[in-house]
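The values are calculated or read from the model by the stated rules, or taken from the named source; none is laboratory data. Since the structure is predicted, the reported quantities are computational estimates derived from the model, not experimental observations. Neighbour counts run over all protein chains shown; Cβ positions are idealised from the backbone, glycine included.
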Amino acid sequence: MTFFRGAVLMAAAGCSLAAQTTPLRLLASNGMKAVILDLRPAAERSLHRPLSIEFGATSDLAKRIEAGTPFDLTLLTTDGMEKLAKENKIAMPVVLSRTGIGLAVRRGAPEPPIDTPDKLKRALLAARSIAYAGNGASRPHLDAMFDRLGIAAELKPRIVLTEGSGPAMQSVAEGKVAVVLTLISELKTVPGLAIVGPLPAGLQSYVEFAAAVGAHSPNAKAANDLIALLKGPASAPVYAAKGMERAAMENLPQPYRTLTDWAQLSSTISPHSLPWAAVTGVEAGPDGNIYVLYRCHENSCAGRPEDPILKFDKSGKLLKSWGAGMFVFPHGSTIDSQGNFWATDGGGVNGKGHQVFKFSPDGKLLMTLGKAGVAGDGPDTFNQPTDVVIAPNGDIFVADGHRDTATNIAANNRIVKFSKDGKFIKQWGKRGTGPGEFREPHTIAMDSRGRIFVGDRMNNRIQIFDQDGRFLAQWKQFGRPSGIYIAKDDTIYVTDSESGPDTGAGETFAFRKGIRIGSAKDGSVTAFIEDSESARPEHSGAEGVGADAEGNVYGAVVRRRMLEKHIRK
C-alpha cells in the first residue's frame, strides 16, 4: 500500500471503511514506521476505522504535541515521552519494543564485517563518508563510540549529519554517501539499503519505544484497543521481522523463589539490635560469608547504639557486627579482592558523616576517606557519597551525590577516583542529562574489563566509563538503577526500587520494580526478580543487591526493612 504522509488511507476488510468513520490520528517515531505500516491493514480491520499517521523524529513530534497538535495516539521513544507525561499531555505510556543501532551500505556495495569492535573500526575508517541523524536518538551514543574507538578526529571530516534519519538513509541508497548508522528498524524501511549488521556486542545501544494515548483524545478507547493490538501475540513476528525486540520485561524468566526470613539479628552478637531497620547494602565475601549494611533503627544510625555492619555465614547465622557510633546514614558498600568491606556514609550531622570507610573482614578500620561531618566537593571531601567500588589494582572509585528529598537535587554529581592509598587522582561529572553528566549517581560497579558502571538514577540509566572517566555507553534496558552488582563472569544485577509515577524525581513509567539480571558484556536482560510490590506507586523493593558464588541473589530492602534472599528454583 502506498503511504502518503498525513493522509487518511482507507483499507477494505470484509466490511467497508467507506462509511466515513473518524480516523484514528497517530504521531509515530520513524523508528516504529516499519512495524506500523506492516500492522496497519490488520489494525484498520480490527478497529473498523482508518489510521491517519504522521511519522517523524521523536524530538520533532514531541515539540508538536507540546504545541497542541491534536492526536489520539503517539508512539515515541520512552525518553521522548517522559516530559510529555509530566506535563499531562499523554496518558500513562505503555512500553512496546526496543531496537539497536545498525550499519548499512547501498544494496550491491561491498559489505565489510563489523561483528567485533576492531572490524567495525576498520570498516568506518575505510568508508569515504558516514551519515546519521544529527537530531536522532542514537547520535549521542555514536559520537561517544567514535571517541571510544579513537577515531573521532579522523572521521569528523567524513561525517554527514542530517535532519532525521530519512535523508541519511536515502543518501546511502542513492550512492551519495558510503555508510549510514541508525536504528535497525529504520534501516528496514529503505529497499535500496543492505544492512551489514548490528553494532557488535559491547558497542551496541538500544532505543525503547512506547505508546501513549493523547490526554485530550476523543477516541481514547480506540487508541487503547490499538495499543492492545500492538502488544498482542499476533504482532510478535512483525516486530522480529522489522529488527525490533518486543518489550517483555514482565515476561522475562523469573527462576527464583524468595526468602524474607533467611538471616536474623542476634542479641548474642549485637546486643542493641532491634528488628531489621532499612537495609542498604549486601555483599558476598570471598570467604563465603555475607556482609550486610543497614541503618540501625528505622532509617538512620544518628545517635544510635546498633552496629550497622553485620557478618553472616551462608546459613544466615550472625557471626560478627561492628561500626556502632561511626555512621549517620549508611548507604553503599562493596568488597574488594582481599575481602575488605567498604561502606559509604551518605549523611552528615553532629560532626559525623560524608565519609567512606574500609574495614578488614573482621571489622578493623583500615582507611577513611573524607572529613567527618564536612560536606564539600573538593579532593578530600564528599557530600552524601552513595557507593564505592575498588579496581583490581586497588584504585578507589566513589559515587558522590544523593538527591535532597525536598528539592530533588544532589549537591554533588560526580565520580571521584583515588589511588589505593587514598590519594586523590581525579574526578568527573556534573549535574545534567548528557553523556558524563549525572542526576544522582546512586550506585557504582566494575566489570571484568575494568569498565565503570554508574547508576545515574534520576536519569533512569546506567552510564559506562573507562577508568579515566571517558564515556563509553549508556544503557536504559535495566530500568531505574538503585543498585548494581557485577559478578566475575560479568553477570549484572540491577535493582529498580523507584520506577513508577513521577513524584518530581524523574521516575520512569517504563518498568516495574524488581531486580533485572543480564550480561555486562552485551547489555542483554535475561531474567527478572519481580518485587512483591512492583506496581506500588511509592518507592519499594531492594536498593542494594549482591550475589554469591552459588548464584543466589540478595536484595537490601529499604522501605520494607528486610534482607531478601532469592534462591534459584
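Observations on the model:
- For the residues Arg139, Arg107, the requirement of being closer than 19 Å to Val177 by Cα, of a type in the set (Lys, Arg) and touching a residue at least 60 places away in the same chain (Cβ under 8 Å) singles out Arg107.
- Residue in region 197-205 that is modelled with pLDDT of 90 or more, over 27 Å from the mean Cα position of the chain (by Cα) and assigned by TED's automatic domain parsing to the domain that holds Leu120 present: no
- Among residues of region 69-91 being among the acidic types (Asp, Glu) and in a loop (DSSP other than H, G, I, E, B), the one that is farthest from Thr508 (Cα to Cα) is Asp72.
- The single condition among (1) outside any strand (DSSP E or B); (2) touching a Lys or Arg at 6+ places or on another chain (Cβ under 8 Å) that Leu96 does not meet is (1).
- Each residue in region 428-441 was checked for being touching a residue at least 40 places away in the same chain (Cβ under 8 Å) and either surrounded by fewer than 16 Cβ atoms within 10 Å (Cβ to Cβ) or among the hydroxyl-bearing types (Ser, Thr, Tyr) (or both), and 1 pass.
- The set of residues in region 297-332 that are part of a strand (DSSP E or B) and small (Gly, Ala, Ser) comprises Ser300, Ser321, Gly332.
- Counting only strands (runs of 3 or more DSSP E) wholly contained in region 344-425, the ones carrying 1 or more residues that are closer than 15 Å to Ser333 by Cα and touching a residue at least 60 places away in the same chain (Cβ under 8 Å) occupy 385-390, 396-400.
- In region 44-58, the residue that is farthest from the chain's Cα centre (by Cα) out of those that are surrounded by 22 or more Cβ atoms within 10 Å (Cβ to Cβ) and in a helix (DSSP H, G or I) is Glu44.
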